[in-house]
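The values are calculated or read from the model by the stated rules, or taken from the named source; none is laboratory data. As the structure is a computational prediction, the values presented were derived from the model and not from experiment. Here the Cβ is made from the backbone with ideal geometry for all residues, glycine too, and neighbour counts use every protein chain on show.
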Amino acid sequence: MEESAVDTNLLAALTIESSGFTLNGTGPYLARSYELLGNMLGIIQKFRGTGKMTGFLQENTLGCTLPFSQYDLNITYSTRQEGKPISGGIVIELSDYEIIFRYWI
């Protein structure tokens, strides 16, 4: 096996998509995603394990529904564009009617 080859069995076990290793101009998006998450570390740590925080990631679907205490949040994805990463984000329920919603593309 070539040293630079991606082990698909390992990726599947870790639930990592192999397209994450494709260098197609997504570097700036990844850097911005890490910046957004880094700026939220305090609130992420505060709500971790409370059941009040969930993430979403564009799969092979048109969207998803995230259930919360008093409402459901419906997220619809745009068509995936070549050379751009899939969409994802995080939602934190601060109270019954207040959320933090952050996303990146």
Do you know which residues across the range 11-34 are more than 12 Å from PRO85 (Cβ to Cβ), under 14 Å from the mean Cα position of the chain (by Cα) and either at pLDDT 85 or above or of a type in the set (A, V, I, L, M, F, W, C) (or both)?
-> ILE16
Scope the range 48-85; condition in contact with an Asp or Glu (Cβ under 8 Å, 6 or more places away or on another chain) and not polar (S, T, N, Q); matching residues = LYS52, MET53, LEU66, PHE68
Please specify each residue of the range 46-67 satisfying the condition of being over 20 Å from THR26 (Cα atoms), touching a Phe, Trp or Tyr at 6+ places or on another chain (Cβ under 6 Å) and surrounded by 16 or more Cβ atoms within 10 Å (Cβ to Cβ).
-> MET53
In the range 68-82, the residues that are surrounded by 10 or more Cβ atoms within 10 Å (Cβ to Cβ), assigned to a loop (DSSP other than H, G, I, E, B) and of a type outside the set (Lys, Arg) = PHE68, SER69, TYR71, TYR77, SER78
Check ILE43, ILE90, ILE86 and return the single one that is under 22 Å from PHE101 (Cα atoms), at pLDDT below 85 and not acidic (Asp, Glu).
-> ILE86
Kindly provide the set of residues from the range 43-67 that are among the small types (Gly, Ala, Ser) and either more than 12 Å from TYR77 (Cβ to Cβ) or assigned to a loop (DSSP other than H, G, I, E, B) (or both), ordered by number.
-> GLY49, GLY51, GLY55
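Which members of the range 95-105 meet the condition of being closer than 27 Å to TYR29 by Cβ and in a strand (DSSP E or B)?
Within the range 95-105, ILE99, ILE100, PHE101, ARG102, TYR103, TRP104 qualify.
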Evaluate the following for SER95: is it of a type in the set (Ser, Thr, Tyr) and either within 13 Å of SER33 (Cβ to Cβ) or at pLDDT 90 or above (or both)?
-> yes
